[in-house]
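The values are calculated or read from the model by the stated rules, or taken from the named source; none is laboratory data. Please read these numbers as outputs of a predicted model, since none were measured by experiment. No Cβ is skipped: glycine too gets one built from the backbone with ideal geometry, and neighbour counts run over all protein chains shown.
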Amino acid sequence: MKVSGFTFVRNAVKYDYPVVEAITSILPLCDEFVVCLGKSDDETELLVRSIPSDKIKIIHSVWDNSLRKGGKVLAVETDKAFDAISPDSDWAFYIQADEVVHEKYLPAIRQAMELHLSDAGVECLVLKYLHFYGSYKYVGNSRQWYRREVRVIRNDKGIRSYRDAQGFRREEKKLNGKLVDAYVYHYGWVRNPYLLTTKIADFDKLFHDNDGKLTVKQDVQFDYQNVASLATFGDMHPQVMRQRVDSMNWQFEFDTSKRRLSFTHRVLEWVEKRTGKRFFEFRNYRLI
């Protein structure tokens with residue numbers, strides 16, 4: 001069994017993406033790792049090259065910022081990385097620059113790859129998610145956070161990144177997949193609040209044509225309190241993230257007893273707790 005990892009990234013230093021941690025977290029499962037490196041305004045390439053591994057292959061890219069509809073440029077860059085993996089790889093493990101897999105979940109993911117290797121009906125593996133918010137202490141626990149997504153796919157170029165690169169589909173059709181009892185830790189909403197505001201303002205340009213007028217103010221702190229509901233994270237972070245966690249340079253506290261959910265979300269949450277089913281959930285996959 002041969003496994004290729006792949007990702008895309010641009011301006012990782014400028015926006016403080018944990019891309020080194022992301023790549024390093026799944027390297028033990030990969031025989032190679034392709035990084036599609038967008039033209040950056042910082043030392044992102046040096047950062048990626050600092051990873052001490054001969055598995056890493058860098059390809060260079062220039063983003064087409066005119067592809068704004070639905071953040072299409074992100075899917076295009078994802079596909080460039082996917083297309084560059086070795087043709088003899090069986091599985092392709094996709095990870096975004098702000099996602100990390102805890103080392104304790106690697107055996108379960110490898111086992112699922114091996115178990116379903118010869119079953120062509122399994123097009124993908126679906127992983128669970130924890131979305132950290134505000135600090136490394138809190139995770140989102142309402143329906144606004146997606147709870148699962150496709151992260152391991154067959155090396156089949158008929159599979160393409162979907163919309164803004166959250167998941168994958170085949171000609172708009174959902175992939176048939178197996179759910180793995182393993183989590184991806186998403187750290188996209190854990191940044192210094194000043195830096196996060198800048199990142200959001202610049203990221204907005206990938207979705208909207210504002211004629212140079214930003215829809216988000218810069219040089220102000222992001223208001224982390226403006227969230228419906230959070231829970232306290234009581235476990236250990238991945239080993240590769242420990243230094244980041246220890247060096248956090250801002251404060252954020254949240255009263256987890258206060259939940260500002262809409263009536264609809266409260267009803268749907270009540271139904272989910274009693275049935276185990278999440279109705280009206282957006283999915284890029286079909287569990288088989």
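For this structure, a couple of remarks:
- Condition check for Thr24: closer than 30 Å to Pro107 by Cβ and among the polar types (S, T, N, Q): yes
- Taken together, Lys57, Lys69 contain a single residue that is within 22 Å of Glu21 (Cα to Cα) and either acidic (Asp, Glu) or surrounded by fewer than 19 Cβ atoms within 10 Å (Cβ to Cβ) (or both), which is Lys57.
- Scanning the stretch 36-54 for residues that are of a type in the set (Asp, Glu) and closer than 15 Å to Tyr17 by Cα yields Asp41, Asp42, Glu43, Glu45.
- Condition met for Tyr105 (out of contact with any Asp or Glu (no Cβ under 9 Å at 6 or more places or on another chain) and not charged (D, E, K, R)): no
- Residue match in the stretch 227-244 (condition: polar (S, T, N, Q), exposed (fewer than 13 other Cβ atoms within 10 Å of the Cβ) and under 30 Å from Ile51 (Cα atoms)): yes
- Considering only residues in the stretch 114-129 that are surrounded by fewer than 20 Cβ atoms within 10 Å (Cβ to Cβ) and of a type outside the set (D, E, K, R), the one that is nearest to Gln96 (Cα to Cα) turns out to be Tyr129.
- Hey, Phe282 loosely packed, with under 13 Cβ neighbours inside 10 Å and closer than 30 Å to Arg169 by Cα or not: yes
- Number of residues in the stretch 256-275 that are surrounded by 11 or more Cβ atoms within 10 Å (Cβ to Cβ), hydrophobic (A, V, I, L, M, F, W, C) and in a helix (DSSP H, G or I) equals 3.
- Close Cβ contacts (under 9 Å, 6 or more residues apart or on different chains) running from residues in the stretch 188-203 that are closer than 10 Å to Tyr224 by Cβ to residues that are loosely packed, with under 15 Cβ neighbours inside 10 Å comprise Val190/Met248; Pro193/Val220; Pro193/Gln221; Pro193/Asp223; Leu196/Gln221.
- Among residues of the stretch 131-158, those that are polar (S, T, N, Q) and either touching a strand residue (DSSP E or B) at 6+ places or on another chain (Cβ under 6 Å) or closer than 17 Å to Ala81 by Cβ (or both), counted: 2
- Of all the numbered requirements in (1) assigned to a loop (DSSP other than H, G, I, E, B); (2) within 30 Å of Leu287 (Cβ to Cβ), Asn11 misses one, and that requirement is (2).
- Taking the listed residues Asp211, Asp219, the one that is closer than 22 Å to Tyr17 by Cα and at pLDDT below 95 is Asp219, with no other qualifying.
- Looking only at residues of the stretch 159-180 that are touching a strand residue (DSSP E or B) at 6+ places or on another chain (Cβ under 7 Å) and more than 21 Å from Leu67 (Cα to Cα), we find that the one that is surrounded by the fewest Cβ atoms within 10 Å (Cβ to Cβ) is Leu179.
- Selection count where residues are over 12 Å from Val152 (Cβ atoms) and either surrounded by fewer than 17 Cβ atoms within 10 Å (Cβ to Cβ) or aromatic (Phe, Trp, Tyr) (or both), scope the stretch 85-98: 3
- Candidate set: the stretch 9-24, residues that are in contact with an Asp or Glu (Cβ under 7 Å, 6 or more places away or on another chain) and not hydrophobic (A, V, I, L, M, F, W, C); chosen: the one nearest to Ile56 (Cα to Cα): Pro18
- Matching residues, the stretch 70-120, being touching a residue at least 60 places away in the same chain (Cβ under 8 Å) and among the basic types (Lys, Arg): Lys72, Lys80, Arg110
- Residue match in the stretch 123-139 (condition: assigned to a loop (DSSP other than H, G, I, E, B), touching a helix residue (DSSP H, G or I) at 6+ places or on another chain (Cβ under 7 Å) and over 27 Å from Leu287 (Cβ atoms)): yes
- Of all residues in the stretch 151-199, those satisfying the criterion of being more than 18 Å from Ser135 (Cα to Cα), among the aliphatic types (A, V, I, L, M) and in a loop (DSSP other than H, G, I, E, B) are Ile159, Ala165.
- Pick from the stretch 224-255, criterion in contact (Cβ under 8 Å) with a residue 12 or more places away in the chain and outside any loop (DSSP other than H, G, I, E, B), ranking: nearest to Gly134 (Cα to Cα): Leu230
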